[in-house]
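**Q** Handing you this structure, nothing more for now.
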Amino acid sequence: MNLLIISQHFWPESFIINNLSEEIVKKKIRVHVITGKPNYLSGSIKKNFKPFAISESNYKGIKIIRLPIISRGNKSALRLVLNYLSFIISGILFSNLKTKNKKIDYIFVYATSPLLQALIGVYLKFKIKKKLIIWVQDLWPEVLIDTKYIKNKILLKAVNILVEFIFKKSDLVLAQSDAFKTHIKKKYQIKNILTYENPGIKTFVKLKKKKCKKKTILYTGNIGKAQPFSKIIKIAKKLKDNENIIFKIIGGGSEYNWLKKEIKNQNLEDQIYLESFKDQKRLKKEYELADFLLILLSKGYSLSKTIPNKFQNYLSIGKPILCIGSGEIEKKIVQNKLGIIFDEKRHDIKGFFNDLAKLSHREFIKYYHNNRDFFGNNYKLKNKAKTLIEILKKID
């Protein structure tokens, strides 16, 4: 089998498609990836990745084709639009040229935002006459409404028309949650659609009994509009006299600078520790020291149907998940006893976090085994790769 993956983001950027591709290659499948030049975190393209040149390289047996793009720059709305459009335009202009001499059986789009990058896959489908699979990570245009990136109704309608066109031209749509599947199937009358949840990366750590009372709530990942960090600011202000709860936030994104300024302006440096991304080895150490792993999700139609990628990775660590969010992720955590939900409408902040700080070691042990078992039964990378290959083979 020969698989062509289209993804605006790929190694050395940290996305689950990297790990899934590596696992697929281990199963004797040839993988080519069409992607852009890495600039997701920094906003700039390093000198060894020339922004306006097409390059080819090999990473762990994966053939990578990097297309010319405009970098994210200062991550303003205009610059992000230019970044997205440049990848789509480059893909349509150059993807057929760079793949015409390569044997391909399936075109697979890892459809993070913007989902419109799947237009490259639609174009290639008609050029090389191969099956097209879209793996949907965000609901468009709904996520644009939830995060308020676009408010213009005409633009939103145009995006919706393009999204419908993409789905209608796909041979199979994979949805990252059951709620995504239900929504897409109903709205666009799509018949060929399956739920295919994201796999996780195994990061097992030992559970140690802490002698001190202080509990650390750790968040890792994107710091953007889809994560309501204003709630963490509000909670931290209420907990100024509680030395037993601290927040540690490690990541980056469009709201990083805002959060940094807000922590300083509100004199919350002792309650909230903010750091940029760390490498996996150093991050594992943070997971070992943490007591709770935080999932933050803003309210909104599409966001309530989303299972954040960090959920699967958190499970493998075995620490209880503290979720500030509702919808599909809340249901998953509650039904499977994977953590604790905080709702500011239902809970008193001081009382809730005082109780959190008193959670017994016996309770931590229960979560440790429960979460790791749930990860092993549902999200192991090796098993998810096998499932995806089986799905692809059944398309014909």
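**Q** Could you give me D for the chain, from Stokes-Einstein at 37 °C and 0.692 mPa s, where the hydrodynamic radius is the Kirkwood radius over C-alpha pairs? Units µm² s⁻¹, please.
**A** 149 µm²/s
**Q** Modelling each spin label as a point 7 Å along the Cα-to-Cβ direction, I'd like the HIS347/VAL81 distance in nm, to one decimal.
**A** It works out to 3.9 nm between the two label points.
**Q** Round to the nearest 10 and give me the degree value, 0 to 90, for the angle of helix 280-289's Cα axis relative to the longest principal axis of the chain.
**A** 30 degrees
**Q** A follow-up question, please. Average projected area of the Cα convex hull of region 145-190, in nm²?
**A** 3.6 nm²
**Q** Heavy atoms only, probe 1.4 Å: what % of the accessible area of region 328-396 goes to carbon and sulfur, would you let me know?
**A** 45 percent
**Q** Ignoring ligands, DNA and RNA, please state the percent of accessible area on region 155-311 from carbon and sulfur, probe 1.4 Å.
**A** Solvent-exposed carbon and sulfur of region 155-311 make up 50 percent of the total.
**Q** Report, please, the projected area of region 240-396 averaged over directions, based on the convex hull of its C-alpha atoms, in nm².
**A** The number I arrive at for region 240-396 is 11.8 nm².
**Q** Shifting gears a bit: I'd like to compare 100-109, 355-364: which one has the highest average count of other Cβ atoms within 10 Å, and what's the full order after that?
**A** Details: 100-109: 17.5, 355-364: 12.9.
Ranking the peptides 100-109, 355-364 by packing returns 100-109, 355-364.
**Q** Pop out the ³J(HN,Hα) list for region 237-251 in order, Karplus 6.51 cos²θ - 1.76 cosθ + 1.60 with θ = phi - 60°, rounded to Hz; leave Gly and Pro as x.
**A** With coefficients 6.51, -1.76 and 1.60, one gets 5, 6, 9, 4, 8, 10, 7, 8, 10, 10, 9, 10, 10, 10, x Hz.
**Q** Suppose the chain between ASN74 and GLU56 were pulled fully straight at 0.36 nm per residue; how much longer would it get relative to their current alpha carbon spacing? Write down the numbers at each step before the final one.
**A** On the way: separation 18, 0.36 × 18 = 6.48 nm, distance 2.70 nm.
Once the chain is fully extended between ASN74 and GLU56, it gains 3.8 nm.
**Q** Stretch ALA158-ARG282 to full length: gain in nm at 0.36 nm per residue minus the Cα-Cα span?
**A** Net length gain for the segment: 40.3 nm.
**Q** Averaged per residue, what accessible surface does the chain expose to a 1.4 Å probe, in Å²? Don't skip to the end; give the middle numbers.
**A** On the way: 19260 Å² over 396 residues.
On a per-residue basis, the chain sits at 49 Å².
**Q** Roughly what would the spin-label model give for ASP105 and LYS237, points 7 Å off Cα along C-beta, in nm?
**A** So the two model labels end up 5.8 nm from each other.
**Q** Next up: Among DSSP beta bridges lying fully in the chain, give the percent that are antiparallel, nearest 5.
**A** Of those bridges, close to 10 percent are antiparallel.
**Q** HN-Hα J couplings of region 166-181 from phi, Karplus 6.51/-1.76/1.60, θ = phi - 60°, integer Hz, Gly and Pro as x?
**A** Values, residue by residue: 4, 5, 5, 8, 7, 8, 7, 10, 10, 10, 6, 8, 4, 5, 4, 4 Hz.
**Q** Okay, next question. Which three semi-axes in whole Å describe the equivalent ellipsoid of region 90-228, each the square root of 5 times a Cα gyration tensor eigenvalue, listed largest first?
**A** Its equivalent ellipsoid spans semi-axes of 34, 21, 16 Å.
The values are calculated or read from the model by the stated rules, or taken from the named source; none is laboratory data. If you're wondering where the values come from, they're calculated on a predicted model, not measured in any experiment. Note that each Cβ is placed from the backbone with ideal geometry, even for glycine, and that neighbours are counted across all protein chains shown. Ligands, DNA and RNA are excluded from the accessible area calculation, which covers all protein heavy atoms including side chains. Shrake-Rupley method; radii C 1.70, N 1.55, O 1.52, S 1.80 Å.
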